[in-house]
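Take a look at the structure set out below.
The values are calculated or read from the model by the stated rules, or taken from the named source; none is laboratory data. These figures come from a predicted structure and were not determined experimentally. We place every Cβ from the backbone using ideal geometry, glycine too, and count neighbours over all the protein chains shown.
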Amino acid sequence: MANRTILIGMTATFVGLTALLVVAGVVVNPLLLVVAVPFGIAAYLMWYHASGRLRERTRREADRLGATERERARQRARTAENRRDAYRTARGSRASAGRRRNDTPGDRAPAASVMSEREAYATLELDPAADQEAIRTTYRERAKRLHPDGDEGDEEAFKRLNRAYEVLKE
């Protein structure tokens, strides 16, 4: 609300300056009329923003573009995430290729397994019929509790929680 008040005050100031320049342009020098035009334009744009009409127009335009643009943006984000995951996986496989030959499978750390939906619901302690809001809320509450920097921090449990949420969030 304070920002809107400031914006209205600035708009009033620009309207006053525009009026002063128009009067001075008529009385003193017509060149001041040319200077008054940008002040008038700036005053109109600030009023348009302060009145909320700019926000309404932006929302209408976003709705007109529809879900297709939003879906494309989400798809680009998913593609970028998949690339990062593939890069991490490739780096990990290169590191494991350089192991010594006398390593036994028991000596290696277990690979990150893919979690099924059922396991993910069990990890989050949710019913499989839970909606996205319930999943998100439960994830946030448990993440706060299990984060390694927190009081009850458990890094492995936190990683399991993140994997479960990744499986269920889409």
Within segment 144-154, is there a residue that is of a type in the set (A, V, I, L, M), surrounded by 14 or more Cβ atoms within 10 Å (Cβ to Cβ) and touching a residue at least 12 places away in the same chain (Cβ under 8 Å)? yes
Here are ARG55, ARG72: which of them is at pLDDT below 80, assigned to a helix (DSSP H, G or I) and farther than 30 Å from ARG160 by Cβ? ARG72
Against the condition under 30 Å from VAL167 (Cβ atoms), at pLDDT 80 or above and either assigned to a helix (DSSP H, G or I) or charged (D, E, K, R) (or both), how does GLU81 come out, does it pass? yes
